[in-house]
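Here's the structure, in structure tokens; my notes come after.
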Amino acid sequence: DTGPEEEHCTGRTKYDIKENARFLLYDVNPGEGFNLRRDVYMRVANLVHHLNEREPWVLVLPPWVRMWHWKSRDVDQDRLKWSEFFDVGSLGKHVPVIELGDYIKKRAPIIDEVYHLQGVVDVTDWDTIMIDRCQRDTRFQQDAQGKWRHWYFGIEEIYAEKFNCLSFFGQLSLMATFLAENTTGKLIFLPRAENLLHGEYGEHSSLFWKARRSMMYAKPLRDAGDRFRREHLGSDDVTDNTVLRDWTTVKSQPRQAVGGAYIAVHLRRGDHLHVRGRELPSIKEAAKHVKKLLKKLALDKVFVATDGTEEEYQEFRNYLKKHQVHQFQPTRQEVGIYKDGGVAIIDQWIACHARYFIGSSGSTVSFRIREDREILGFEQSTTFNRFCGDEESDCEQPAHWTIVY
Ligand SMILES: C[C@@H]1O[C@H](OP(=O)(O)OP(=O)(O)OC[C@H]2O[C@@H](n3cnc4c(=O)[nH]c(N)nc43)[C@H](O)[C@@H]2O)[C@@H](O)[C@H](O)[C@@H]1O
């Protein structure tokens, strides 16, 4: 039962969606940003992996709706497909996936069962899963015909037949058992999927890293990043020893990546300054630190990934006048093509190829860059670094999330 819906996957990566397959759609708390959502994807993908140990299930990719951080008002960023940002064929090599838009082109836009996930009140209740009273307003409403209406990513024809709140605190395998044994619908929807946790050994398991490695960025974004590396930073994969092999065949990776002759910094500003201000440096202190690093590493180039303002970037450059400071600055036309989400990925892609990376405390943008560097095979001392706040006395450096194959 493969149809035109799967055509965006190349022949090499095309997977079958079995006739009897069931489908799992999910959503995340609306306030969460792009890179936290990527983490939730990994949890859901591994839930689908567990489900497939019993019967065929397919993960339905929820469209990307405009996020608060996507500030380009002149660009249409509503209901974007995953293929804008990721190589969907590669995702499909870990678990079968289909974009929601493609799903409803062929099948009825009916969700059979909704399980609105919520945490448990008593956090000592590990291994809890039960249909429960809803703890808060879920914004699901039943109409006169008994259909459950909701925003559903802005796709009006979708409705659900059944709705429940589900309290959950436990392993992914517990959720898989529940779905396999207590549900029968063709399409199941799990809103608030951030309530799922990573599986058995969490971030330290090969399953986590399989899901992570399958999240290859879309080729046009990688190409744009590679072009910038070549043209502005003199960096290419052969010289830098960062040639990426097909992740499905890689069983280990010696830490031999050299990286381009530049330091990459991720300077998270904007709303993070309010939430984690104490742990973020002033621009001046960040620049002072980078100056020291450049000297220590005998480098001259800096690549800056940031959501900061143009003023903040110029201030940073001014402190580093004697050095080459670069930023990926897309034209309006390029923003239209890549979207704000794609521009952030291009920044991440350039940053993860640097000889040395230093990120911002607590930002999932920095986390994802570090994971990419683990995948590329960098020495951990060049990766697990962060800026300290100017007044921070105990500036703990990021824990090493070591890749597992
Ligand atoms: C304060 C909290 O921060 C959490 O953000 P955090 O983990 O950094 O990471 P994200 O969840 O991805 O949200 C931050 C967003 O800001 C933009 N952004 C941040 N850094 C860069 C950069 O270097 N380059 C570009 N081009 N864009 C950047 C980008 O759109 C990114 O998805 C959020 O998930 C929470 O919702 C909350 O806002």
For the range 28-65, enumerate the residues that are within 11 Å of the ligand (Cβ to nearest atom) and among the charged types (D, E, K, R). Glu32, Arg37, Arg38, Asp39
Of the conditions (1) surrounded by fewer than 16 Cβ atoms within 10 Å (Cβ to Cβ); (2) in a strand (DSSP E or B), Asp223 fails just one. Which one is it? (2)
Checked the range 288-307 for anything away from the ligand (no atom under 11 Å from the Cβ), in contact (Cβ under 8 Å) with a residue 12 or more places away in the chain and under 23 Å from Cys352 (Cβ atoms); matches are His289, Val290, Lys291, Leu293, Leu294, Leu297, Leu299, Asp300, Lys301, Val302
Pairs under 9 Å by beta carbon, first residue more than 15 Å from Ile98 (Cβ to Cβ) in the range 50-63, partner of a type in the set (Val, Ile, Thr) and not in a strand (DSSP E or B), six or more apart or different chains? His50/Thr177; Arg54/Thr177
Looking at Ser252, Ser205, Ser214, which is the one that is surrounded by 15 or more Cβ atoms within 10 Å (Cβ to Cβ), modelled with pLDDT under 95 and out of contact with any Cys (no Cβ under 9 Å at 6 or more places or on another chain)? Ser205
For the condition within 16 Å of the ligand (Cβ to nearest atom) and over 17 Å from Phe357 (Cβ atoms), what is the one hit in Glu231, Glu310, Glu285? Glu310
By residue number, the members of the range 359-394 that are hydrophobic (A, V, I, L, M, F, W, C), surrounded by fewer than 23 Cβ atoms within 10 Å (Cβ to Cβ), touching a residue at least 60 places away in the same chain (Cβ under 8 Å) and in a loop (DSSP other than H, G, I, E, B) are Cys388
Quick check: is even one residue across the range 141-162 modelled with pLDDT under 95 and over 17 Å from Asp27 (Cα atoms)? no
Can you find even one residue in the range 69-81 that is charged (D, E, K, R), surrounded by fewer than 19 Cβ atoms within 10 Å (Cβ to Cβ) and outside any loop (DSSP other than H, G, I, E, B)? no
Has the range 234-245 got at least one residue that is among the hydroxyl-bearing types (Ser, Thr, Tyr), surrounded by fewer than 14 Cβ atoms within 10 Å (Cβ to Cβ) and free of Cβ contacts under 8 Å to residues at least 24 places away in the same chain? yes
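The values are calculated or read from the model by the stated rules, or taken from the named source; none is laboratory data. In this text the structure is predicted, and so the values were computed from the model without any measurement. Neighbour counts are summed over all protein chains in view; Cβ atoms, including those assigned to glycine, are modelled from backbone coordinates with ideal geometry.
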